[in-house]
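Written below as structure tokens is the structure these notes are about.
The values are calculated or read from the model by the stated rules, or taken from the named source; none is laboratory data. Predicted model only: the values in this text are computed from it and were never measured. Cβ sites come from the backbone with ideal geometry, for glycine too, and all protein chains shown count toward neighbours. Side chains included, ligands, DNA and RNA excluded: accessible areas come from the protein's heavy atoms. Shrake-Rupley method; radii C 1.70, N 1.55, O 1.52, S 1.80 Å.
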Amino acid sequence: MNAFNNSSVNKQGYLFSLFLLVVLLVSGCGGSSDNNPRFSISTNVSELKFSNQVLNRSDDSFSVNVSFQGEGLLVGFAPGADVVPWLEFSLENTTDNSATLKVDVINEERIAPGSFNTVVRLSTGSVAQNTFEHQDIDVSLLVWQLTPNTNLVSFGETFGATSIASQSFELTSVSDNQWQLSSDLPWLSFDASSGTGTSTVTVNVDLSGITAPGLSQGNITITEVTSGDTRLLPVELGLDNLYLYAEQAHVGLVNTANVSELSRQVAILSNNLTDFTWQAQTDADWLTLTQSSDGQFLTITADPSSAEINSLNRATITLTSSDITNVQAQNIDVHFYHSDQSSSAIRQQGLTINTNTLVTAPDQPIVYLATGNKLQSYHLYTGTQVSDIAVAPENTTLTNLIVHPNGQLMLAQATETVTDADGNEQTELRRYQINLSDNSVTTLDNSEVTLQAAPFTFVNIKGRYFVVTQALELGNENLERLFVNFEDTFGTNSADVSAQNNVFYALQNATSQLRRYSTAVNDFTTINKVGLTFIDQYRPETLGENDNITSFFVNNAETDVYLQSPTSNRLSYDGTTFTDLGLLELDTDRFVSLLFSPDSSKQARYARFDRTQGFLLDSYDQQANLASRFLLGTRQPLFMALAQDQQRVAYYSQGATEAENSLEINNTSEP
């Protein structure tokens, strides 16, 4: 503001001369005599203190009461005072002997941290008599900086934990402001609650008084001591729900005239931090449940004599625990296909299946496939077509089929060519959710999809399911991104979780490194709902420099990793060290491995070409011994999927013409 851009008040027809005003303000002189009228001026304050947080606008304003005896009133910067750009003042409510001086801070968000001062002068008197009285008001502005390097301090742990790691944040103050900390949260404390200037603050949490899972929120109040100004730093503490669940949400069993899989053992798991007991029960009279002596496994056995014949029998197993309070117990769904017919090879000819779009249902003996823009499904034992729905527009290709482990939802996508308003062709990616219960299709709004890369699988982390993308993002079924570490993104098309240890594995495509991550998940925190923390990585020693791993899986106990690679099929892991055990089939002159997939119990299945017989399926047990070798025939499987009951395999083969392309369904072992 210009020093002489002042406000004046006219009284009894007298006007202050601008020239005389400048002279008098600069000289600061004046006088009176007994023969002249007496002039006076006073204010109710002599000092104004403004304070403002750096980079923020302020609504601070002062109103000063002015009383005077004189022929007018003048306000401006006092001689010798700094003419500052951050102050604005004006006179209001003027009368013959009073006024209100309104003083405001302006441009405050543009000012660097620091302390600034000036003086505002109020004057009255008589120009004609060259007599003036003055009243000065000291004005100061403190622009303070106490900036934390985070907008939220978020603590997450599982309910039942006795302690939680402290967190630190950096408090920056280039102007060396003095500060104090306080909080409205009784469980929160600081290593230092006061200080000066830039500091690292450690925040501690006491969990002893928290009696249930949930979210607790509050604030750290940061006070600038000189001004008393405050700013708030939000804090949250999420104590995750306790989950009780099985390593498989669905169990498939089967009994036909020549194929039988009547029993399955599953591990019962929890994110509970202490030992616990559990119980399992079902209303199905054809199902027997047996808990292992160590309490870690449940054996599920079907009795064909008590089940309905030529039908798909369904049952629900309920898990409970008397040791875990507030537990979120998940059911195990069992389907049992019982038939008096023999299971034999099935060929659905004349089907051209989109690349890598063959997936089996976890909750029934069904295989899904994409052909063109359509999703079709077929029964794995009868070969009957179950469904045929158009998901994407005509002349598009449906890809990236991913079935949710609950069996109720599928994700898919297609690229559509459209013409814009200017007549130019553009490609648009369409993403779909398919409700497998009623075959309804929902097209996701691309503006609400925050995952950047294509999803390729679901994983279970501590009882909850997440989508994994080809850029190592984690998201939900609506393709909303819940986690990404931009410093650790890479191309991947294979990921898995060891269910019992909750360790996440991802294949780095470019280097064929298997990267391991610890996992965290929390139902309540507003950030970090799921996260991965890198532990280590491993590349098989036998793998050549130019050789690649194309896919892998890790068993639920994390003792073995199975691979599809030219030199290694199996790694053992003892909790510290990986050991490359090489190929499972050593006769590489006779056998060529083509495809690879885990079954529902995380046992390896390899489709191989036998130069003496043709194409076959090799199945390995949990000790990596060859359990069965089944001849598939003379047509090469291009991609395959295994039934949840482990007794049927579906694969795609191509013939000499499109009419000979076919979906092949066969047993996985000799009857």
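Among the residues that make up segment 315-333, is at least one of them at pLDDT 95 or above and in contact with a Lys or Arg (Cβ under 9 Å, 6 or more places away or on another chain)?
Yes, some residue in segment 315-333 is at pLDDT 95 or above and in contact with a Lys or Arg (Cβ under 9 Å, 6 or more places away or on another chain).
Give me the pairs, please: first residue somewhere in segment 516-533 and more than 19 Å from A499 (Cα to Cα) and open to solvent by less than 20 Å² (accessible area, probe 1.4 Å), second residue anywhere and in a strand (DSSP E or B) and among the acidic types (D, E), beta-carbon distance under 7 Å, and either six or more positions apart or on two chains.
That search, which allows pairs on different chains as well, returns T525/E236.
So, L663, is that one of a type in the set (A, V, I, L, M), open to solvent by 20 Å² or more (accessible area, probe 1.4 Å) and farther than 29 Å from E247 by Cα or not? Quick ask: steps written out before the conclusion?
On the way: of a type in the set (A, V, I, L, M): yes; open to solvent by 20 Å² or more (accessible area, probe 1.4 Å): no; farther than 29 Å from E247 by Cα: yes.
Against the criterion (of a type in the set (A, V, I, L, M), open to solvent by 20 Å² or more (accessible area, probe 1.4 Å) and farther than 29 Å from E247 by Cα), L663 does not qualify.
For segment 288-302, check the following and say yes or no: at least one residue is among the β-branched types (V, I, T) and touching a residue at least 60 places away in the same chain (Cβ under 8 Å).
Here is the first cut: in segment 288-302, the ones among the β-branched types (V, I, T) are 288, 290, 299-301.
Now restrict to residues that are touching a residue at least 60 places away in the same chain (Cβ under 8 Å): none.
Scanning segment 288-302, I find no residue that is among the β-branched types (V, I, T) and touching a residue at least 60 places away in the same chain (Cβ under 8 Å), so the answer is no.
Which one of the conditions (1) over 32 Å from the mean Cα position of the chain (by Cα); (2) closer than 22 Å to N556 by Cα does W278 fail to meet, given that it meets all the rest?
Every listed condition holds for W278 apart from (1).
Could you list, ordered by first residue, the pairs with Cβ atoms under 7 Å in which the first is in segment 481-503 and among the basic types (K, R) and the second is open to solvent by less than 20 Å² (accessible area, probe 1.4 Å), at least 6 apart or interchain?
Pairs found: R481/L451; R481/E473; R481/G475.
For segment 387-400, give me each residue that is buried (at least 16 other Cβ atoms within 10 Å of the Cβ) and either in a loop (DSSP other than H, G, I, E, B) or aliphatic (A, V, I, L, M) (or both). Explain how you work it out, then say what you get.
Filtering segment 387-400 down to residues buried (at least 16 other Cβ atoms within 10 Å of the Cβ) leaves 391-392, 396-400.
Across segment 387-400, the qualifying residues are V391, A392, T396, T397, L398.
Out of the residues in segment 586-609 meeting the condition of being more than 22 Å from N556 (Cα to Cα) and either small (G, A, S) or touching a helix residue (DSSP H, G or I) at 6+ places or on another chain (Cβ under 9 Å) (or both), tell me which one is most open to solvent (accessible area, probe 1.4 Å). Please lay out each step first, then the result.
In the first step, residues of segment 586-609 are kept if they are more than 22 Å from N556 (Cα to Cα); the result is 586-594, 607-609.
Add one more test, that the residue is either small (G, A, S) or touching a helix residue (DSSP H, G or I) at 6+ places or on another chain (Cβ under 9 Å) (or both), and what stays is 593, 607.
Working: S593: 45, A607: 1 Å².
In this case the residue turns out to be S593.
Can you tell me how many residues within segment 644-667 are in a loop (DSSP other than H, G, I, E, B), in contact with an Asp or Glu (Cβ under 8 Å, 6 or more places away or on another chain) and polar (S, T, N, Q)? If you could, list the steps in order and put the result at the bottom.
Kept after step one, since they are in a loop (DSSP other than H, G, I, E, B), are these residues of segment 644-667: 644-647, 654-657, 661.
From what is left, the residues that are in contact with an Asp or Glu (Cβ under 8 Å, 6 or more places away or on another chain) are 644-647, 654.
Now restrict to residues that are polar (S, T, N, Q): 644, 646-647, 654.
Total meeting the criteria: 4.
Which residues, counting only those in segment 401-431, are in contact with a Pro (Cβ under 7 Å, 6 or more places away or on another chain), under 30 Å from R464 (Cα atoms) and outside any loop (DSSP other than H, G, I, E, B)? Full working, then the answer.
Kept after step one, since they are in contact with a Pro (Cβ under 7 Å, 6 or more places away or on another chain), are these residues of segment 401-431: 402-403, 405, 407, 411, 416.
Those still in the list that are under 30 Å from R464 (Cα atoms) too: 402-403, 405, 407, 411.
Of everything in segment 401-431, those that are in contact with a Pro (Cβ under 7 Å, 6 or more places away or on another chain), under 30 Å from R464 (Cα atoms) and outside any loop (DSSP other than H, G, I, E, B) turn out to be I402, V403, L411.
Restricting attention to segment 354-367, which residues are open to solvent by less than 10 Å² (accessible area, probe 1.4 Å) and farther than 12 Å from D645 by Cβ?
T357, V367, listed by residue number.
Of the residues A624, A604, only one is small (G, A, S), under 37 Å from the mean Cα position of the chain (by Cα) and over 25 Å from N354 (Cα atoms); which?
On the way: A604 fails: over 25 Å from N354 (Cα atoms).
After ruling out the rest, the residue left standing is A624.
In segment 266-279, what residues are open to solvent by 30 Å² or more (accessible area, probe 1.4 Å) and free of Cβ contacts under 8 Å to residues at least 60 places away in the same chain?
D275, F276, T277, Q279
Got at least one residue in segment 331-341 being open to solvent by 70 Å² or more (accessible area, probe 1.4 Å) and under 30 Å from Q279 (Cβ atoms)? Working first, answer last.
From segment 331-341, those open to solvent by 70 Å² or more (accessible area, probe 1.4 Å) are 331, 340-341; that's our starting set.
If we keep only those that are under 30 Å from Q279 (Cβ atoms) as well, we get 331.
Looking for residues that are open to solvent by 70 Å² or more (accessible area, probe 1.4 Å) and under 30 Å from Q279 (Cβ atoms), one finds at least one in segment 331-341, hence yes.
Out of all the residues in segment 224-240, which are surrounded by 18 or more Cβ atoms within 10 Å (Cβ to Cβ) and part of a strand (DSSP E or B)?
E224, L233, V235, E236, L237, G238, L239, D240, listed by residue number.
Could you run through segment 91-103 and say how many residues are open to solvent by less than 40 Å² (accessible area, probe 1.4 Å) and either more than 17 Å from V45 (Cβ to Cβ) or in contact with a Ser or Thr (Cβ under 6 Å, 6 or more places away or on another chain) (or both)? Reasoning before the result, please.
To start, the set of residues in segment 91-103 that are open to solvent by less than 40 Å² (accessible area, probe 1.4 Å) comprises 91, 98-101, 103.
From the residues that got through so far, the ones that are either more than 17 Å from V45 (Cβ to Cβ) or in contact with a Ser or Thr (Cβ under 6 Å, 6 or more places away or on another chain) (or both) too are 91, 98, 100.
The total comes to 3.
So which residues in segment 432-471 are open to solvent by 40 Å² or more (accessible area, probe 1.4 Å), outside any loop (DSSP other than H, G, I, E, B) and in contact (Cβ under 8 Å) with a residue 40 or more places away in the chain?
In the first step, residues of segment 432-471 are kept if they are open to solvent by 40 Å² or more (accessible area, probe 1.4 Å); the result is 435, 437-443, 445-448, 450, 452, 456, 462, 465, 470.
Keeping just the survivors that are outside any loop (DSSP other than H, G, I, E, B) gives 435, 440-443, 446-448, 456, 465.
Selection gives V441, F456, Y465.
Run N255 past the list (1) closer than 27 Å to S293 by Cβ; (2) surrounded by 17 or more Cβ atoms within 10 Å (Cβ to Cβ); (3) not β-branched (V, I, T) and report the number of the one that doesn't hold.
Unmet for N255, out of (1) closer than 27 Å to S293 by Cβ; (2) surrounded by 17 or more Cβ atoms within 10 Å (Cβ to Cβ); (3) not β-branched (V, I, T): (1).
Residue check: is F609 touching a residue at least 12 places away in the same chain (Cβ under 8 Å) and either closer than 22 Å to I346 by Cα or out of contact with any Pro (no Cβ under 9 Å at 6 or more places or on another chain) (or both)? Outline the logic, then answer.
Details: touching a residue at least 12 places away in the same chain (Cβ under 8 Å): yes; either closer than 22 Å to I346 by Cα or out of contact with any Pro (no Cβ under 9 Å at 6 or more places or on another chain) (or both): yes.
Against the criterion (touching a residue at least 12 places away in the same chain (Cβ under 8 Å) and either closer than 22 Å to I346 by Cα or out of contact with any Pro (no Cβ under 9 Å at 6 or more places or on another chain) (or both)), F609 qualifies.
Out of the residues in segment 468-505 meeting the condition of being small (G, A, S) and more than 12 Å from the chain's Cα centre (by Cα), tell me which one is nearest to S551 (Cα to Cα). Outline the logic, then answer.
If we filter segment 468-505 for residues that are small (G, A, S), which is where we start, we get 471, 475, 491, 494-495, 498-499.
Narrowing further to those that are more than 12 Å from the chain's Cα centre (by Cα): 471, 491, 494-495, 498-499.
Numbers: A471: 16, G491: 13, S494: 6, A495: 8, S498: 15, A499: 18 Å.
Going through the qualifying residues, I end up with S494.
Show me the strands (runs of 3 or more DSSP E) found entirely inside segment 104-195 where at least 1 residues are modelled with pLDDT under 95 and more than 37 Å from the chain's Cα centre (by Cα). Break it down into steps so the answer makes sense when it comes.
On the way: elements: 114-126, 131-144, 153-158, 167-172, 178-183, 188-190.
Hits in segment 104-195: 114-126, 131-144.
Which of the following residues is buried (at least 20 other Cβ atoms within 10 Å of the Cβ), of a type in the set (S, T, N, Q) and on the phi < 0 side of the Ramachandran plot: Q644, Q636, Q613? Even if it seems obvious, please write down each step before you answer.
On the way: Q636 fails: buried (at least 20 other Cβ atoms within 10 Å of the Cβ); Q613 fails: buried (at least 20 other Cβ atoms within 10 Å of the Cβ).
On inspection, the qualifying residue turns out to be Q644.
How about segment 191-218: which of its residues are farther than 14 Å from F155 by Cβ and surrounded by 15 or more Cβ atoms within 10 Å (Cβ to Cβ)?
First, pick out the residues of segment 191-218 that are farther than 14 Å from F155 by Cβ: 191-201, 208-209, 211-212.
Within segment 191-218, G195, G197, T198, S199, V201 qualify.
Output the number of residues of segment 503-523 satisfying the condition of being assigned to a strand (DSSP E or B) and within 15 Å of S565 (Cβ to Cβ). Lay out the reasoning, then the answer.
So the first thing to find is which residues in segment 503-523 are assigned to a strand (DSSP E or B), and the list is 503-508, 513-521.
Now narrow it down to the ones that are within 15 Å of S565 (Cβ to Cβ): 505, 507-508, 513-514.
Here the count works out to 5.
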